[in-house]
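Participant: Okay, here's the structure, questions in a sec.
The values are calculated or read from the model by the stated rules, or taken from the named source; none is laboratory data. Just so we're clear, the structure is a prediction, and the values are computed from it rather than from any experiment. Please note: Cβ atoms are built from the backbone with ideal geometry, for glycine as well, and neighbour counts cover all protein chains shown.
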Amino acid sequence: MITGTTKVCALIGWPVEHSLSPPIHNAAFAAAGLDYVYIPLAVPPDALGAAVAGLRAAGLAGINVTVPHKVNIIPFLDGLDRSAEIVGAVNTVVFAAGRAIGHNTDQEGFVSSLAAAGVTIAGRRAVLLGAGGAARAVAWGFIEQGAAGVIVVARDAAKAAAFAASFPPGRVAGCGWRGEAFAAALGCCDILVNCTPLGMSPHTDEEVPLDWAALCSGAAVCDLIYTPTATRFLAHARERGHLTVGGEGMLIGQGAAAFTLWTGRDAPREAMCAAFNEALCRHETRNKN
Ligand code: NAP
């Protein structure tokens, strides 16, 4: 029951109707027996500063931040943690002691999803397809966990090179989708990650353009997409005998890290997974109708 003592967390984005985070977080608060509630708020881009000031003044415990506000929110905050600083984007804000601090929990979510699947990062060579915001969090996760190398692949080779140059020297290399550098990277890749939206609902027929024969046969294959959980990309990988990791583990992991930042408690991951599965069923049914 919501009362005068209930602490409030929110998701801000534009739009937010599609988000699975409200059911996941409300299930987590209920399972942990915490007097918290989580609400989605559609905040138009030109109202972002006013919204952050208003939510802070209203005494919220914290917020999640989604597209298109992850970068633009930074000037309205009092500081960033190291992950948000390196990734250059914020997905979680903690309001405490009169300050608003931005965090990025995507990298922690991604790393925890690999650990749960039994995939070791230290000493491994990773190839990331796509050079957007999620790829930055994943690249930082690999660097922090001691990967032997990270190669980022983008449609525009110059964009991949700029992405690589924005990380500490020698940790990330970049190349274009076509050419020998990409083929060579696939040949010695231990972990391949799709960080593009190709194949995401409702465009589930879209395919990541990849020469599967060039990929090292022992590589683990990951997709950040979680709607659907079984993308074509992962289906191809499974057919070829690769270990696969879907995006739902990263979603739960980043949410669990935000839960801990807001409440100081370990997150009830099982309740969050159950809520995710239920919310996904509703999402898929809505899309079919
Ligand atoms: P983003 O910032 O828009 O970046 C998308 C990247 O994909 C860009 O580099 C873009 O290339 C590339 N791309 C788009 N269409 C492409 C195509 N047809 N061919 C080749 N490359 C293409 O998006 P994001 O925030 O990084 O998100 C990427 C994906 O990760 C989305 O599916 C999102 O849902 C998912 N995600 C999942 C989680 C999770 O918790 N599981 C968290 C965050 C994101 P250009 O730069 O050339 O346009």
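Participant: Going by the structure shown, is G264 on the phi > 0 side of the Ramachandran plot, in the same structural domain as A115 (by TED's automatic domain parsing) and loosely packed, with under 13 Cβ neighbours inside 10 Å?
Facilitator: Numbers: on the phi > 0 side of the Ramachandran plot: yes; in the same structural domain as A115 (by TED's automatic domain parsing): no; loosely packed, with under 13 Cβ neighbours inside 10 Å: yes.
It is false that G264 is on the phi > 0 side of the Ramachandran plot, in the same structural domain as A115 (by TED's automatic domain parsing) and loosely packed, with under 13 Cβ neighbours inside 10 Å.
Participant: For A31, only one of the following conditions fails: (1) of a type outside the set (S, T, Y); (2) under 22 Å from G253 (Cβ atoms); (3) within 22 Å of the chain's Cα centre (by Cα). What is its number?
Facilitator: (3)
Participant: Given the condition among the hydrophobic types (A, V, I, L, M, F, W, C) and under 23 Å from V138 (Cα atoms), answer yes or no: does some residue in the stretch 31-42 qualify?
Facilitator: There is no residue in the stretch 31-42 that is among the hydrophobic types (A, V, I, L, M, F, W, C) and under 23 Å from V138 (Cα atoms).
Participant: Here's another thing I want to ask about it. Only one of these is of a type in the set (A, V, I, L, M), surrounded by fewer than 20 Cβ atoms within 10 Å (Cβ to Cβ) and outside the structural domain of A116 (by TED's automatic domain parsing): A271, A213, A230, A235. Name it. Let's see the steps before the verdict.
Facilitator: On the way: A213 fails: outside the structural domain of A116 (by TED's automatic domain parsing); A230 fails: outside the structural domain of A116 (by TED's automatic domain parsing); A235 fails: outside the structural domain of A116 (by TED's automatic domain parsing).
It is A271.
Participant: Of all the residues that make up the stretch 97-115, how many are among the aliphatic types (A, V, I, L, M) and either within 13 Å of the ligand (Cβ to nearest atom) or modelled with pLDDT under 95 (or both)?
Facilitator: Total meeting the criteria: 3.
Participant: Any idea which of G174, G218 is more than 10 Å from the ligand (Cβ to nearest atom) and either exposed (fewer than 15 other Cβ atoms within 10 Å of the Cβ) or over 24 Å from G133 (Cβ atoms) (or both)? Before you say what the answer is, go through the steps one by one.
Facilitator: Numbers: G174 fails: either exposed (fewer than 15 other Cβ atoms within 10 Å of the Cβ) or over 24 Å from G133 (Cβ atoms) (or both).
The unique qualifying residue is G218.
Participant: Looking at the stretch 1-12, can you tell me whether even one residue there is surrounded by 15 or more Cβ atoms within 10 Å (Cβ to Cβ) and not in a strand (DSSP E or B)?
Facilitator: The answer is no, given that none of the residues of the stretch 1-12 is surrounded by 15 or more Cβ atoms within 10 Å (Cβ to Cβ) and not in a strand (DSSP E or B).
Participant: Looking at D190, is it in the same structural domain as A117 (by TED's automatic domain parsing), more than 11 Å from the ligand (Cβ to nearest atom) and surrounded by fewer than 18 Cβ atoms within 10 Å (Cβ to Cβ)?
Facilitator: Numbers: in the same structural domain as A117 (by TED's automatic domain parsing): yes; more than 11 Å from the ligand (Cβ to nearest atom): yes; surrounded by fewer than 18 Cβ atoms within 10 Å (Cβ to Cβ): no.
Spelling it out, it is not the case that D190 is in the same structural domain as A117 (by TED's automatic domain parsing), more than 11 Å from the ligand (Cβ to nearest atom) and surrounded by fewer than 18 Cβ atoms within 10 Å (Cβ to Cβ).
Participant: Of the residues in the stretch 52-70, how many are assigned to a helix (DSSP H, G or I) and surrounded by 19 or more Cβ atoms within 10 Å (Cβ to Cβ)? Reasoning before the result, please.
Facilitator: Initially, the stretch 52-70 is screened for residues assigned to a helix (DSSP H, G or I), giving 52-57.
After this cut, where a residue has to be surrounded by 19 or more Cβ atoms within 10 Å (Cβ to Cβ) as well, the list is 52, 55.
Adding up the residues that qualify gives 2.
Participant: I need the full set of residues from the stretch 82-96 which are farther than 17 Å from P168 by Cβ and more than 16 Å from the ligand (Cβ to nearest atom), in order please. So that I can check it myself, show each step before the final result.
Facilitator: Residues of the stretch 82-96 that are farther than 17 Å from P168 by Cβ, as a first pass: 89-96.
Matches in the stretch 82-96: V93, V94, F95, A96.
Participant: Give me a count of the residues in the stretch 98-129 that are in contact with a strand residue (DSSP E or B) (Cβ under 8 Å, 6 or more places away or on another chain), over 19 Å from G88 (Cβ atoms) and not assigned by TED's automatic domain parsing to the domain that holds F233.
Facilitator: Counting residues in the stretch 98-129 that are in contact with a strand residue (DSSP E or B) (Cβ under 8 Å, 6 or more places away or on another chain), over 19 Å from G88 (Cβ atoms) and not assigned by TED's automatic domain parsing to the domain that holds F233 gives 1.
Participant: Tell me whether the stretch 45-56 contains one or more residues that are within 16 Å of the ligand (Cβ to nearest atom) and touching a residue at least 60 places away in the same chain (Cβ under 8 Å). Break it down stepwise before answering.
Facilitator: Of the stretch 45-56, the ones within 16 Å of the ligand (Cβ to nearest atom) are 45.
Retained after the next criterion (residues that are touching a residue at least 60 places away in the same chain (Cβ under 8 Å)): none.
Among the residues of the stretch 45-56, not one is within 16 Å of the ligand (Cβ to nearest atom) and touching a residue at least 60 places away in the same chain (Cβ under 8 Å), which makes the answer no.
Participant: Another question, if that's okay. In the stretch 130-150, how many residues are within 14 Å of the ligand (Cβ to nearest atom) and in contact with a strand residue (DSSP E or B) (Cβ under 8 Å, 6 or more places away or on another chain)?
Facilitator: Step one: of the stretch 130-150, the residues within 14 Å of the ligand (Cβ to nearest atom) are 130-141.
Imposing the further condition that a residue be in contact with a strand residue (DSSP E or B) (Cβ under 8 Å, 6 or more places away or on another chain) reduces the set to 130-131, 135, 138-139.
Number of matching residues: 5.
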